[in-house]
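Before any comments, here is the structure.
The values are calculated or read from the model by the stated rules, or taken from the named source; none is laboratory data. A quick note: this is a predicted structure, and the numbers were derived from the prediction, not measured. Cβ atoms come from the backbone with ideal geometry, glycine included; neighbour counts cover every protein chain shown. With ligands, DNA and RNA removed, areas are computed over all heavy atoms of the protein, side chains included. Shrake-Rupley method; radii C 1.70, N 1.55, O 1.52, S 1.80 Å.
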Amino acid sequence: MTDQGARGGRAFVIVMDSVGIGGAPDAADYFNDGLPDTGANTVAHIAQARALNMPHLDALGLGAAIRLASGAVAPGLGAAPRGLWGAATESSRGKDTPSGHWEIAGVPVPWEWHYFPDTHPAFPRDLTARIARAAGTEGILGNQHASGTEIMARLGARHLQTGWPICYTSADSVLQIAAHEEAFGLERLNRLCSEVAGMVHPMRVGRVIARPFAGAEGSFARTPNRRDYAIAPPAPTILDVAQAAGRATHAVGKIGDIFSHRGIAHLHKGQSDADLAGHLLALADEARPGSLILANFVEFDSLYGHRRNVAGYAGALEWFDGVAGAFLDRLRPGDLAIFTADHGNDPTWRGTDHTRERVPVLGWGYGAREIGQVGFADIAASVAAHLGLPPVGPGASFL
């Protein structure tokens, strides 16, 4: 047990979804539009397009972590680190949400995910028929790789005419189902996705995602009521270990869905990252000693990375840096806070999918400390050491 853990400190792990920093050694094995991810670098390329103003995270070591991970220089991010800083490399075979989060929580993925081919149709005929039966329709729409916003705009009117759900996939191990929140019904969509998850999880498809939308032709828009139905982690995560030890466990954002609501006592959801920021600040004020708080901020990825919106992503990073500053001001002696990411999603890159990258590891609570190159699972090992919990996963503490 560390001194911090002995004093009843808390642990916050904050995942900035898709905020990669380049340099993944196996990036050539991962592709966007048929071309490898070699050279992708989410934060550095954004900063090179428009210098970033992120004084709080840069003071912890963001710019230094980028240089360590990839050798890249990120304009605007040049502070001498005053926090714990390094870069993490993923061992799991994937550049997706479950792989990154599970490994951060101490459980590298022990299998190869199943990916649907980039063909039309993308789904096996028997699966398509089972989805239609579960939906109570004669068929499905889509059945291909697609951008969610593009396929919604293209097929939304036909969906309203036929009542058939829009089903699509991507380079991730995922099956997404879009439906009109009022005409099809949100509860019906969630029931359908839950049933389809039971069909595809045995195939090692990582997630089924409910993608409700609203509006009329020409003005369709997603609603905030997305829900992920993910495979449960195959081994106990840091959340399970903390809960078994009697610690309070808090999940902010989509963490509950990612971990199949296992090991989580308190859920904190919101309509936007701004809502989640409010939850994070409240927990910094109110969470009791010994608590574990795991948070995900998704809009970097969902609103800007996939849509290749460099300016929007830059603005989101700078906004979040302000949130980080307010959060750090609320922490107590003995606390540990780690900012990291689950993968990259370089908005300057080709295609629309995630990019295989290293991620930052930026810590508060242990002074200025370079930890160098670490593994994703080392984050869980470090949190366990800080909280005085039994070891979890294959990682080693960097504290």
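Name the trypsin sites (Lys or Arg not before Pro) in the stretch 320-384 that are in a loop by DSSP and that have at most 16 other C-beta atoms within 10 Å, would you? It would help to have the intermediate numbers written out before the result.
On the way: sites: Arg330, Arg350, Arg356, Arg358, Arg369; in loops: Arg350, Arg356, Arg358.
Counting only loop positions with at most 16 other Cβ atoms within 10 Å, the trypsin sites (Lys or Arg not before Pro) in the stretch 320-384 are Arg350.
Quote to one decimal, in nm, the extra length available between Met199 and Arg350 on full extension: 0.36 nm per residue of separation minus the C-alpha distance between them. Working shown, then result.
Values: separation 151, 0.36 × 151 = 54.36 nm, distance 3.22 nm.
Separation in residues times 0.36 nm, less the Cα-Cα distance, equals 51.1 nm.
Excluding ligands and nucleic acids, what accessible area in Å² is computed for Met203 using a 1.4 Å probe, to the nearest 10?
We get 70 Å² for Met203.
What is the angle, in °, between the Cα long axis of helix 273-286 and the longest principal axis of the Cα atoms in the chain? Nearest 10 is fine, range 0 to 90.
So the helix axis and the longest Cα principal axis differ by about 40 degrees.
Counting only DSSP beta bridges with both residues in the chain, what percent are antiparallel, rounded to the nearest 5?
Numbers: 20 of 55 bridges.
Rounded to the nearest five, the antiparallel share is 35 percent.
Would you please classify the overall shape of the stretch 319-399 from the alpha carbon gyration tensor, given that a ≥ b ≥ c denote the square roots of the eigenvalues, rounded means a/c under 1.5, and beyond that prolate means a/b larger than b/c while oblate covers the rest? Let's see the in-between values first.
Details: a/c = 2.49, a/b = 1.33, b/c = 1.87.
It comes out oblate by the Cα gyration axes.
Please give the FRET efficiency for Asp29 paired with Tyr366, using the beta carbon to beta carbon distance and R0 = 30 Å, rounded to the nearest 0.05. Kindly include the intermediate steps, with their values, before the conclusion.
On the way: r = 34 Å, r/R0 = 1.13.
Working from the Cβ atoms, E equals 0.30.
Subtract the Cα-Cα distance of Glu182 and Ala244 from 0.36 nm times their separation in residues, and report this length gain in nm to one decimal.
Working: separation 62, 0.36 × 62 = 22.32 nm, distance 4.06 nm.
In short, 18.3 nm is gained.
Carbon and sulfur together cover what percent of the accessible area of the stretch 240-358 at a 1.4 Å probe radius? It would help to have the intermediate numbers written out before the result.
Details: 1990 of 3850 Å².
About 52 percent, which is the carbon plus sulfur part of the accessible surface.
Order of 66-79, 220-233 by packing, highest average Cβ count within 10 Å first?
Numbers: 66-79: 19.1, 220-233: 17.6.
Those peptides, ordered most packed to least, come out 66-79, 220-233.
Thr119 accessible area, nearest 10 Å², 1.4 Å probe?
Answer for Thr119: close to 70 Å² accessible.
Go ahead and estimate [θ] at 222 nm for the chain from helices alone: -39,500 (n - 2.57) per DSSP H run with n ≥ 4, summed, over the residue count, rounded to 500.
Working: 13 runs with 133 residues, N = 399.
It comes out at -10000 deg cm²/dmol, rounded to the nearest 500.
Relative to the longest principal axis of the C-alpha atoms of the chain, give the angle of the C-alpha long axis of helix 148-162, reported between 0 and 90° and rounded to the nearest 10°.
Taking Cα atoms only, the helix is inclined about 30 degrees.
Using a 1.4 Å probe and counting only protein heavy atoms, arrange Ser397, Ser291 so the residue with the most accessible area comes first. Could the numbers behind the result be given before it?
Numbers: Ser397 55, Ser291 0 Å².
Heavy-atom accessible area, descending, gives Ser397, Ser291.
Report, in degrees rounded to the nearest 10, the 0 to 90 angle that the Cα long axis of helix 125-135 makes with the longest principal axis of the chain.
90 degrees
Mind checking the per residue accessible area of the stretch 125-230 for me, 1.4 Å probe, whole number of Å²?
Values: 4410 Å² over 106 residues.
I get 42 Å² per residue for the stretch 125-230.
Put a dot 7 Å past each Cα toward the Cβ at Trp111 and Glu150; how far apart are the dots in nm?
Using points 7 Å along Cα→Cβ, the separation is 3.0 nm.
For the stretch 125-230, what % of the accessible area comes from carbon and sulfur atoms, probe 1.4 Å?
On the way: 1990 of 4410 Å².
On the stretch 125-230, the fraction of accessible area on carbon and sulfur atoms equals 45 percent.
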